[in-house]
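One structure is given below, encoded as structure tokens.
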Amino acid sequence: EQARFMKAEALLALGRVDEAVAAASAMIERSAGSAWGGEALFWLGRRQFNAGDYAKAEASFSEYALKWPTAAKADSALLLKAQAQFYLGKNAEAIETAVALATAHPDSRCVPVARFIHAEALCELLQFDAALLIFDDVVKTARDDDLRLRAMGRRGDCFFTLGEDNAARYAESVAAYEAVLAHPAPKSFEMILQCQYKVGRSLEKAGRMDEA
């Protein structure tokens with residue numbers, strides 16, 4: 001089984017993608033429930049995900065999580081499944097999967113990213129107050145600065161959107177964007193420009209034109 005799996009990887013390395021996928025698919029059919037069959041299924045799901053075939057990737061990762069719930073990659077499978085569902089616009093399902101990941105693997109490094117997807121899906125469902133709570137949690141628990149900064153920026157976006165109904169929220173969006181700018185972690189020039197622009201837009205919407 002290991003040899004069959006390595007053959008598929010070797011075919012991929014040679015650029016023979018169709019043959020690699022066929023070899024992995026045949027192995028999955030023959031190796032029901034085996035560890036190497038699981039490796040092949042995860043490999044196939046990643047291939048589908050990277051190719052933008054999110055519907056097939058969702059199915060592959062769903063099958064993996066069902067058959068190998070205690071495997072080392074079970075948390076990653078759930079994360080990629082949630083991401084695929086989000087890209088497919090299946091926001092309620094993405095939230096359900098993200099919650100399942102956090103429940104089954106509370107100590108996983110995947111949890112903060114899953115929580116970020118959860119919050120993004122809530123935004124798509126126009127549930128910005130609920131999304132803010134999740135983004136707050138990501139800011140506190142993220143293990144890398146990039147994810148933390150993204151969550152901080154998305155907090156600002158939620159406040160900005162809520163400002164349409166309550167202009168006082170624009171002050172909160174300004175504070176959120178300025179917090180990103182003030183954070184000591186390295187950030188891209190694009191992120192800096194976006195935050196500066198969004199501070200200006202928030203001030204404009206709040207009627208503070210000279211500051212804007």
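Would you say residue 151 is at pLDDT 95 or above and within 15 Å of the chain's Cα centre (by Cα)? Steps first, please.
Numbers: at pLDDT 95 or above: yes; within 15 Å of the chain's Cα centre (by Cα): yes.
Against the criterion (at pLDDT 95 or above and within 15 Å of the chain's Cα centre (by Cα)), residue 151 qualifies.
Could you pull out the residue among 200, 207 that is of a type in the set (Gly, Ala, Ser) and either open to solvent by 50 Å² or more (accessible area, probe 1.4 Å) or touching a residue at least 40 places away in the same chain (Cβ under 8 Å) (or both)? Lay out the reasoning, then the answer.
Values: 200 fails: either open to solvent by 50 Å² or more (accessible area, probe 1.4 Å) or touching a residue at least 40 places away in the same chain (Cβ under 8 Å) (or both).
Among 200, 207, only 207 is of a type in the set (Gly, Ala, Ser) and either open to solvent by 50 Å² or more (accessible area, probe 1.4 Å) or touching a residue at least 40 places away in the same chain (Cβ under 8 Å) (or both).
Just the residues that are at pLDDT 95 or above and assigned to a loop (DSSP other than H, G, I, E, B), please, taken from the range 121-148.
125, 126, 127, listed by residue number.
Mind checking which residues of the range 72-120 are open to solvent by 30 Å² or more (accessible area, probe 1.4 Å) and assigned to a loop (DSSP other than H, G, I, E, B)?
Listed by number, the residues that qualify are 72, 73, 88, 89, 90, 105, 106, 107, 109.
Can you pull out every residue in the range 95-134 that is among the polar types (S, T, N, Q) and either over 20 Å from residue 66 (Cβ atoms) or in contact with a Cys (Cβ under 7 Å, 6 or more places away or on another chain) (or both)?
First, the residues of the range 95-134 that are among the polar types (S, T, N, Q): 97, 103, 108, 127.
Passing the criteria: only 127.
Could you say whether any residue in the range 132-146 is among the aromatic types (Phe, Trp, Tyr) and surrounded by 17 or more Cβ atoms within 10 Å (Cβ to Cβ)?
Going residue by residue through the range 132-146, those that are among the aromatic types (Phe, Trp, Tyr) are 135.
Still in the running and surrounded by 17 or more Cβ atoms within 10 Å (Cβ to Cβ): 135.
Scanning the range 132-146 turns up at least one residue that is among the aromatic types (Phe, Trp, Tyr) and surrounded by 17 or more Cβ atoms within 10 Å (Cβ to Cβ).
If you take the residues in the range 1-33 that are in a loop (DSSP other than H, G, I, E, B), touching a residue at least 12 places away in the same chain (Cβ under 8 Å) and over 28 Å from residue 93 (Cα atoms), which one is most open to solvent (accessible area, probe 1.4 Å)?
First, the residues of the range 1-33 that are in a loop (DSSP other than H, G, I, E, B): 1, 14-16, 31-33.
Retained after the next criterion (residues that are touching a residue at least 12 places away in the same chain (Cβ under 8 Å)): 1, 31, 33.
From what's left, over 28 Å from residue 93 (Cα atoms): 1, 31.
On the way: 1: 87, 31: 7 Å².
Here the residue is 1.
The values are calculated or read from the model by the stated rules, or taken from the named source; none is laboratory data. From a predicted model like this one, the values you see are computed outputs, not experimental measurements. Virtual Cβ from ideal backbone geometry, glycine too; neighbours counted across all protein chains shown. We work out accessible area using only protein heavy atoms, side chains counted, and drop any ligands, DNA or RNA first. Shrake-Rupley method; radii C 1.70, N 1.55, O 1.52, S 1.80 Å.
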